[in-house]
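This report refers to the structure that appears directly beneath it.
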Amino acid sequence: MSILITGGTGFIGAQVVQLLLEKNEQGIVVFDINPSTKLLEGVADQIEIVRGDLGNFSHVLNVVKTVRPKAIYHLGGMLSVPSDADHAASFRANAMGTFHILEAAKLFEVPQVFFSSTLATYGLDIQTPEIDDYTLQRPQLFYGCTKVFCEHMGLFYKRKYGLDFRGIRYPSIVGPGVKTPGVVQYTSWAIEESVKGSPYTIYVQPETRCPVMYFKDAAIAMIKVAEAPAEKIQMVNYIIAGAKPIASAQELAEIIRDRIPSAQIDFEPDLELQKVLDKLLLPIDDRIAREEWGWESQYDQERIVDDFIMEMKNHPERYE
């Protein structure tokens, strides 16, 4: 039977494709609004790519009816910064897009949907010293609002129609080739610019510790939650952490300089941004994901830097 992956040519989606192929899964179909095979180098001929818009119910119905997948990995949608820039488009792609996926899964009897959510479902008014699965979700960004709604739609379809829905709330995802602006993407850009031989100025205080997850870890997590026995899935929507311990921006710079002695990294903190980050960047307690489906990050900060550099050197055409 087939597997459908929305957003399957994107950052996490392409890695999910790679992992599924390594497990000898057949009939992988990727659904994307602007598909590109750049991140699918070497495997594009082993999958089917369908161009389509999550916000168009006809597109979603057609692909699910045609593919009749045993599972849908729903990774497509608009990211945080574009969502705030065009909230109406974000509602269409994220909220309505997820409704379309869930409704199509119901109509065509797809047993499982795996969903990518975000740490942005939480807000700036958290009253606890860390964030866990029981922390109040009160998002500040429109992106986070759509994702909370999607999580609860999934719970509804699970309760009413028996859909095996499972979601993961990711922290900030880092890796080579990131183009979309984000307040914590200094991690990606500091490594990438150093590999390219360009100087880079980090815009946060050196002691700032930002919870991040490597894009390969993100894909591993999605496969792992999908493979867990149904009886183990009790929380349904899970927050997960990436690299531990969390490196400070200064420690990140030192790791990069250790690998690339010529790296030119300095600091020029944006003090207004820092005020926001200081409220937002709390430690993540992902014990429930660890207990229920054995989540464990594979990439600490040093391994992130090492693999990032290897990816940039071995596949420069992917990340241009």
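Quick check, is GLY154 of a type outside the set (Phe, Trp, Tyr), open to solvent by less than 30 Å² (accessible area, probe 1.4 Å) and over 26 Å from LEU271 (Cβ atoms)?
Criteria met by GLY154.
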Out of the residues in the range 197-224 that are basic (Lys, Arg) and at pLDDT 95 or above, which is surrounded by the fewest Cβ atoms within 10 Å (Cβ to Cβ)? LYS224
Grab the strands (runs of 3 or more DSSP E) fully contained in the range 180-252, keeping just those with 3 or more residues being not aromatic (Phe, Trp, Tyr). none
Is at least one residue of the range 151-168 in contact with a strand residue (DSSP E or B) (Cβ under 9 Å, 6 or more places away or on another chain), under 30 Å from ARG257 (Cβ atoms) and at pLDDT 95 or above? no
Search the range 223-249 for residues that are on the phi > 0 side of the Ramachandran plot and pair each with any residue that is of a type in the set (D, E, K, R) when their beta-carbon atoms are under 9 Å apart and the residues are at least 6 apart or on different chains. VAL236/GLU151; VAL236/LYS158; VAL236/ARG166
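Would you say PRO206 is touching an Asp or Glu at 6+ places or on another chain (Cβ under 8 Å) and more than 23 Å from ASP132 (Cβ to Cβ)? I'd like the intermediate steps shown before the answer.
On the way: touching an Asp or Glu at 6+ places or on another chain (Cβ under 8 Å): no; more than 23 Å from ASP132 (Cβ to Cβ): yes.
When the stated conditions are applied, PRO206 does not pass them.
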Among the candidates ILE265, ILE255, which residue alone is under 17 Å from GLU207 (Cα atoms) and without any contact (Cβ under 8 Å) to a residue 60 or more places away in the chain? ILE255
Looking only at the range 186-196, count every residue that is open to solvent by less than 40 Å² (accessible area, probe 1.4 Å), over 15 Å from GLU251 (Cβ atoms) and touching a strand residue (DSSP E or B) at 6+ places or on another chain (Cβ under 7 Å) and tell me the total. 1
Give me the pairs, please: first residue somewhere in the range 147-163 and more than 15 Å from GLN234 (Cβ to Cβ), second residue anywhere and surrounded by fewer than 17 Cβ atoms within 10 Å (Cβ to Cβ), beta-carbon distance under 7 Å, and either six or more positions apart or on two chains. TYR157/LYS106; TYR161/LYS106; LEU163/LYS106
Cβ contacts < 6 Å: first residue charged (D, E, K, R), restricted to the range 76-102; second residue open to solvent by less than 30 Å² (accessible area, probe 1.4 Å), any location; separation 6+ or different chain. Result? ARG92/GLY55
Would you mind stating whether PRO129 is open to solvent by less than 10 Å² (accessible area, probe 1.4 Å), assigned to a loop (DSSP other than H, G, I, E, B) and either of a type in the set (S, T, N, Q) or touching a residue at least 40 places away in the same chain (Cβ under 8 Å) (or both)? no
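The values are calculated or read from the model by the stated rules, or taken from the named source; none is laboratory data. None of the values given here were measured: they were computed from a predicted structure. Methodologically, a virtual Cβ is constructed for each residue, glycine included, from the backbone with ideal geometry; neighbour enumeration extends over all protein chains shown. For the accessible areas, the whole protein counts, side chains as well, though only heavy atoms, and no ligand, DNA or RNA atoms are used. Shrake-Rupley method; radii C 1.70, N 1.55, O 1.52, S 1.80 Å.
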